[in-house]
Amino acid sequence: MCGIVGYVGDKKAAPILYDGLKKLEYRGYDSSGIAVNDGFKIDIVKKKGKLDQLEGSLKKNTNGGTVGIGHTRWATHGKPSDLNSHPHCDCSKDFVVVHNGIIENFQKIKKRLKESGHNFKSETDTEVIAHLIEDNYDNNLLKALKATVNELDGSYSLTILSKYEPDKIFVVRKDSPLIIGVGEKENYIASDIPAFLSKTKDFYILEDNELAVVSSGKIEIYNDSLDLIKKELYHVDWDPEMAEKQGYEHYMLKEINEQPDAVRRLMSKRVTPGGINLDELNLDSEFLKNLKQIHIVACGTAYHSGLIGKYLMEELLNIHIEVDVASEYRYRNVLIKEDDLVIVVSQSGETSDTLASLRMAKKHGAKILAFTNSRGSSIAREADHVLLLKAGLEISVASTKAYLNMVVAFYIFSLYLAEKQNKIETKRLNKLSNDLIRLPDLLEQVIKDSESLMKERAKQYVKKQNAFFIGRHTDYTLALEGALKLKEISYIHAEAYPAGELKHGTLALIEKGVPVVALGTRKFIFEKTLSNITEIKARGGDVTAIVYKGAEGIEKVVDHVIYIPQIDDLFGGVLAAIPLQLLAYNTAYLKGCDIDQPRNLAKSVTVE
Ligand code: M6R
């Protein structure tokens, strides 16, 4: 949430910062700003709206300095406006700050600072930080910064320019990510690796409460007690091309099409015709054998993947599985035992509520396994065991390929565990492993098969204000995901229901033309779903069914059908995710929505 960049080197900072922000725009996009220090003065340019709004005034109003910081904002305190955009400064513009996170006690600090004569310009929580540094400064900015953060409650990653040390950038983090990229006679600061992936692949990842002083030729990192520390460099092997659209009109469409390859990468060396190998997780065999309770914790789309995980593990393992939305889990009085496994799922690995849940569960002594797409993320670093999703860089705010890899990760992990617990026969395991191996090819086929029908369907959906998604068992979890995708990018109100639940109230909303997507990928329960579809049709609903090939009688009942290819009943849901994503994409496209950066949202949710 919010993107931070910093540059210190031998080139003009402003264009480099702007390019870095462009790569981070998915983290927040309601306003942006850049500050550049040329050793004499610090110029600040900031603008409400998307980043392009900044571009024009940047050239006119910033000096040619080679040290600077920038920010793209997702508003928390104070509406999006020029004034509330970052950077923020103290009374005399000696200290200039950009911030990600939330300062919870800012009102109290602001009141005190105002009473002592400080003059505030914005409604943000961030501005208090600049004024606090001003108060704490006594010829040593590192100490002033430490004294300042000691007074702050909440989360922050901070990047600071100062008039007093114009060739340096000061940074600190707590509960909000910050990395330092290492270059030749130049260094970079960012809240996320893609910002400067085209410049360097070597990064320091700051831990909570670490501070750093970054100049063109030197990076000094300090611990909480201000002792200089040595940190390991983290090398990424990502290709900067991954961060480009490569001919697709939107990242979302590119990422939908990348799913077959993403699944191939996830399964490589882990799934073979002979079974599943996840020994890389280093989970103790005895622990796995005796495991009786698993908690799955995540947010949004990742939570929906966890719901599939629950149904699967119950089906295959017959043990107790809890799934929770992280923002609830962290504050519930959950019974977590030392011999429980807690699986946290997060594409970004930085989602604040998921991270807090991880920490809470860890305190109870449970083992933490993270499914994440981000190797160096806080969640990856704090979990005991990590299953890397390998979906590749996902830029569109609406998650597609990371979701699918989360779902497949649950399949793989469930089968692995089923084998460890002797709950699956070798013959069945081999059959399922072989079906998993076929999955990427089948995904390619489903993308082809559903493209044109979903374009057609979108022409109807675009005229609607409400839509319903129904399914039973794992299909219900897909319905939830389908509804979320449609809401998120097309702004059409969509609700998901277990198919059997409609008649307990919601059926009252079904009348002629109300669009309903019905999922029927599970043979064992299809007839029940079919009855529920019939109930909808009897009230005039317009039903699009996504069902397994051979689903008896469906064509006579519904308006439109998409068949998903033959595969073991267990895996139908993976394939059905594709038409749901394409329906949302095409509807949003026809509505002219900003597909990759939907209103009010951000990719990485690092605030509560
Ligand atoms: O990075 P995470 O997987 O932890 O993110 C969780 C949610 O914020 C995320 O899945 C969100 O729901 C997506 N924008 C949905 O497409």
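The values are calculated or read from the model by the stated rules, or taken from the named source; none is laboratory data. Quantities reported herein were computed from a predicted structural model and do not represent experimental measurements. We place every Cβ from the backbone using ideal geometry, glycine too, and count neighbours over all the protein chains shown. Areas reflect the complete protein model, heavy atoms only, side chains present, ligands, DNA and RNA absent. Shrake-Rupley method; radii C 1.70, N 1.55, O 1.52, S 1.80 Å.
In the range 440-594, a dipole from Cβ-located charges (positive for Lys and Arg, negative for Asp and Glu) runs towards its positive end, and of Cys593, Ala538, Leu519 it is Ala538 whose Cα lies farthest in that direction. As a fraction of the 1.4 Å probe accessible area of the chain, surface on carbon and sulfur atoms comes out at 47 percent. When only the Cβ of Lys, Arg, Asp and Glu is charged (+1, +1, -1, -1), the dipole of the range 89-144 relative to its Cα centre reaches about 120 debye. Annotation: peptides 56-65, 280-289, 469-478, ranked by per-residue average of other Cβ atoms within 10 Å with the highest first, follow the order 469-478, 56-65, 280-289. What is the helix-to-structure angle for 523-538, meaning the angle in degrees between its Cα long axis and the longest Cα principal axis of the chain, kept from 0 to 90 and rounded to the nearest 10? Approximately 90 degrees, to the nearest ten.
Measuring between their Cα centroids, the range 102-125 and the range 450-503 lie 45 Å from each other.
Descending by average beta-carbon neighbour count within 10 Å, the peptides 26-33, 345-352, 425-432, 197-204 line up as 345-352, 26-33, 197-204, 425-432, the highest first. Cα centroid separation, the range 366-402 to the range 592-608: 19 Å. Run down the aspartates and glutamates and flag those whose C-alpha is under 14 Å from the C-alpha of Lys231, throwing out any fewer than 8 positions away in its chain. Answer for Lys231, where 14 Å is the Cα cut-off: Asp202, Glu207, Asp208, Glu210, Glu220, listed by chain and number.
Counting every alpha-carbon pair across the range 245-424, the share separated by more than 23 Å comes to 37%. When peptides 181-189, 328-336, 293-301 are ranked by their average number of other Cβ atoms within 10 Å per residue, the highest-first order is 293-301, 181-189, 328-336. Dipole size of the chain about its Cα centre, with +1 on Lys/Arg Cβ and -1 on Asp/Glu Cβ: approximately 960 debye, rounded to the nearest 20. Computed on the chain, with alpha-carbon pairs under 8 angstrom and 6+ residues apart, the relative contact order is 12 percent. The residues of the chain expose on average 38 square angstrom of accessible surface per residue, using a 1.4 Å probe on protein heavy atoms. For the range 1-118, the orientation-averaged shadow of the C-alpha convex hull comes to 7.2 nm² (one quarter of the hull surface). A quarter of the convex hull surface defined by the alpha-carbon atoms of the range 449-594 gives 7.5 nm² as the mean projection. Between Gln465 and Lys41, the simple spin-label model (points 7 angstrom out along Cα→Cβ) gives 5.3 nm.
Under a model in which nothing but the beta-carbon of Lys, Arg (+1) and Asp, Glu (-1) is charged, the range 440-594 shows a dipole of about 480 debye around its Cα centre. Angle of helix 127-136 to the longest C-alpha principal axis of the chain, folded into 0 to 90 degrees and rounded to 10: 40°.
The alpha-carbon atoms of the chain define a convex hull whose volume equals 153 cubic angstrom per residue. What is the helix-to-structure angle for 426-461, meaning the angle in degrees between its Cα long axis and the longest Cα principal axis of the chain, kept from 0 to 90 and rounded to the nearest 10? Tilt relative to the chain: about 80 degrees. Cross-link partners of Lys423 among aspartates and glutamates, defined as those whose alpha carbon lies under 14 angstrom from its own and excluding same-chain residues fewer than eight positions apart: Glu314, Glu315. According to the calculation over all Cα-Cα pairs in the range 160-235, the P(r) per 10 Å bin from zero is 20, 56, 24, 1 %.
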